[in-house]
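What follows is one structure encoded as structure tokens, with my remarks underneath.
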Amino acid sequence: MVKQIIFAITLIITLGVFAYTLTRLISYFKLTKPFPVKNIGKRISVMLSVAIGQTKIFRFPVIGFLHAMVFWGFCVILIGSIEMIIDGLAGTERILKVLGGVYDIIIATGDVFAFIIFISIIVFLIRRMFLNVKRFGGIEMKHKSHKDANFALTLILLLMVTLLGMNTAYVAGNSTLIHGIYPVSSLLSGLLASLSSDTIHLIHEINWWGHILLIFFFANYLPYSKHFHVFMSVPNVFLSRLDPLGKLPNMDSITNEVRAIMNPDMASQETSGESEPIGRFGVLDVEDVTWKNYMDSLACTQCGRCTSVCPANITGKKLSPRKIIMDVRARMKEKGPGLVKNGKDYTDNKSLVKDYISAEELWACTTCNACAQECPININHPTLIVDMRRYLVMEEAAAPGELNSIFSNIENNGAPWQFSPEDRLKWTE
Ligand code: SF4
Ligand code: SF4
């Protein structure tokens, strides 16, 4: 009973802290612009293939395979974690054993996955700490980012150690009545054979509590870490942009204006029909991004796959698509509390564009979409970059010189070239 009470108090504290974080994040989401979500069927199919099937991850076969194993392993081990919470509250032992044969399969798979994840995480840590993997570097990858990644990986490692420790002690301490099948822990249980049953029980309890407390801590650490993608990547893929990658979205407000000039009757019918007052054109700061853009920034794994294929970055330009996404998160963290507290007119005399992301970075983008193609969680960088450029052009008339002459040619000649429309057919002479 004492164990149940302690467990319940710990769980309540965990849920309380998590609810606080969630409320804070929701208040930030409320500051952002809408992002319509349609076509649920197609979204489910993208989610099954990209998130659950981990298809994009396999472009790097070896490391992708290990990552996929960690993801699938987590899905199975999650069932065991739910069982531990029920056991902790109800004072039962392995309550899901009522599932019979299915339970055996879940437990056996989880036990094997725990070992595979353990090995995979060691490989990931060695790679991060000792191999100079280029895509883990870059101006946006500060010392703090590396520390965060290593810390989260170490937590996962400890989670697997305690899970295997708990299972091993369970097998070693119950020679007759064992619920579930433990392929790895059965082998390891030989190591405890010489210990007394009291010691084995103590080892089981230490690992049981260690494992569940780590889960509780991990759940509350994740929202502040790059490893938030553990929660966010599946919903983020579900919310992927479904248009073809090369298609840039029009601005409805502008389309409507132009159509109103050309054909007043058709204007309001042909656009999406949303008649929101026009605020700012494009994106200057975090309150101008859509909630999906903000979600992308929380889901970003900081893997650097986008930056590693970016032709601008590869050829030495300042642009790094990963930095653009990370900057959205950092800027919301900085400005969000002020906006929540003081309302939408709050300003700290800084902005996402200029203070975080320079015009030079934005104009270096070729909109080739290699970054969006490569991102394992389907983040779409170019649409955000273009929205920031739209701000520069439409609000500040701050386009590069070459574009300015194109704009005036379009205005004067109806085409990007510097020739009058009357001269167009001159070449026939
Ligand atoms: S779309 Fe822009 S940011 Fe993305 S890879 Fe191409 S140049 Fe880089
Ligand atoms: S945007 Fe996508 S590809 Fe780029 S670092 Fe984040 S998760 Fe990786």
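The values are calculated or read from the model by the stated rules, or taken from the named source; none is laboratory data. All values reported here derive from a predicted model rather than from experimental measurement. All Cβ positions, even for glycine, are placed from backbone atoms using ideal geometry, and neighbour counts span all protein chains on display. Accessible surface areas use protein heavy atoms only, side chains included; no ligands, DNA or RNA. Shrake-Rupley method; radii C 1.70, N 1.55, O 1.52, S 1.80 Å.
Shown in residue order for region 366-373 are the 3J(HN,Hα) couplings computed by the Karplus curve 6.51 cos²θ - 1.76 cosθ + 1.60 at θ = phi - 60°: 8, 6, 6, 6, 4, 4, 5, 4 Hz (x for Gly and Pro).
The stretch between Ser196 and Phe407, if pulled fully straight at 0.36 nm per residue, gains 67.7 nm over its current Cα-Cα span.
Give me, ordered by chain and number, the residues 5 or more places off Lys33 or on other chains with an amide H under 5 Å from its own placed amide H. Distant-sequence amide H within range of Lys33: Val289, Thr290, Trp291. Taking all protein chains into account, the per residue accessible area for the chain stands at 52 Å² (1.4 Å probe). Exposure check, 1.4 Å probe, all protein chains in place: Ile52 carries approximately 70 Å² of accessible surface.
Extension gain for Thr366 to Tyr20 (0.36 nm times residue separation, less C-alpha to C-alpha distance): 120.5 nm. Dividing the summed helix terms, -39500 (n - 2.57) for each DSSP H run of n ≥ 4, by the number of residues in the chain produces a 222 nm estimate of -20000 deg cm²/dmol to the nearest 500. Relative to the longest principal axis of the Cα atoms of the chain, the long axis of helix 61-90 makes an angle of roughly 60 degrees.
What ranking of Ser120, Ser253 comes out by heavy-atom accessible area, probe 1.4 Å, highest first?
Highest to lowest solvent-accessible surface, that is Ser253, Ser120.
In this simple spin-label approximation, Val133 and Leu177 carry label points 7 Å from Cα along the Cα→Cβ vector, and these lie 4.6 nm apart.
In sequence order, region 24-38 has phi-based couplings of 5, 5, 4, 5, 6, 4, 5, 7, 8, 8, x, 9, x, 10, 10 Hz under the Karplus curve 6.51 cos²θ - 1.76 cosθ + 1.60, θ = phi - 60°, and Gly or Pro positions carry x.
Between Gly88, Gly210, Gly246, the residue with the greatest mean-square fluctuation in the GNM of the chain (Cα pairs under 10 Å linked by springs) is Gly246. Over the chain, the Kirkwood radius and the radius of gyration, each from Cα atoms, give a ratio Rg/Rh of 1.08.
Using a Gaussian network model on the chain with a 10 Å cutoff between Cα atoms, which of Leu202, Leu11, Leu188 fluctuates the most? Maximum among the listed residues: Leu202. Rounded to the nearest 10 degrees, the angle from helix 252-262 to the longest Cα principal axis of the chain is 20 degrees. Based on Cα contacts under 8 Å between residues 6+ apart, region 273-347 shows a relative contact order of 27 percent. For region 296-325, backbone nitrogen atoms closer than 20 Å to the point 7 Å from Asn39 Cα along Cα-to-C-beta are found at 296.
Solvent exposure of Lys335, expressed as accessible area, is near 10 Å², computed with a probe of 1.4 Å over the protein chains only. With R₀ fixed at 45 Å, the C-beta to C-beta distance from Leu99 to Arg59 puts the FRET efficiency at about 0.80. Measuring from centroid to centroid over Cα atoms, what is the spacing of region 74-150 and region 193-230 in Å? So the separation of the two Cα centres works out to 11 Å. What the Cβ-Cβ distance of Ile9 and Tyr221 gives, at R0 = 22 Å and to the nearest 0.05, is a FRET efficiency of 0.65. For region 279-378, with all protein chains present and a 1.4 Å probe, just round the carbon and sulfur fraction of the accessible area to a whole percent. Carbon and sulfur: 53 percent of the exposed surface of region 279-378. Return, ordered by residue number, the residues of region 382-419 whose backbone nitrogen is under 20 Å from a label point located 7 Å along Cα→Cβ of Trp291. It comes to 384, nothing else.
Relative to the longest principal axis of the Cα atoms of the chain, the long axis of helix 229-238 makes an angle of roughly 50 degrees. The share of accessible area on region 1-105 that comes from carbon and sulfur is 79 percent, using a 1.4 angstrom probe.
Computed 3J(HN,Hα) for region 346-361, one whole-Hz value per residue from the Karplus formula 6.51 cos²θ - 1.76 cosθ + 1.60 where θ = phi - 60°, is 4, 9, 10, 6, 10, 8, 4, 7, 5, 7, 9, 10, 7, 4, 4, 4, glycine and proline marked x. Net charge of the neighbourhood of Arg94, taken over other residues with C-beta under 9 Å away and scored Lys/Arg +1, Asp/Glu -1, is -2.
Given a cut-off of 25 Å, name the pairs among Lys142/Lys333; Lys56/Lys292; Lys142/Lys341 whose C-alpha atoms lie farther apart than that in the structure shown. Violating the 25 Å limit, Cα to Cα: Lys142/Lys341.
Once the Cα-Cα distance is subtracted from the 0.36 nm per residue extended length, the Leu245 to Glu395 segment shows a gain of 51.4 nm. Only protein atoms count toward the accessible area here, which uses a 1.4 Å probe; on region 119-257, the carbon and sulfur part of that area reaches 68 percent.
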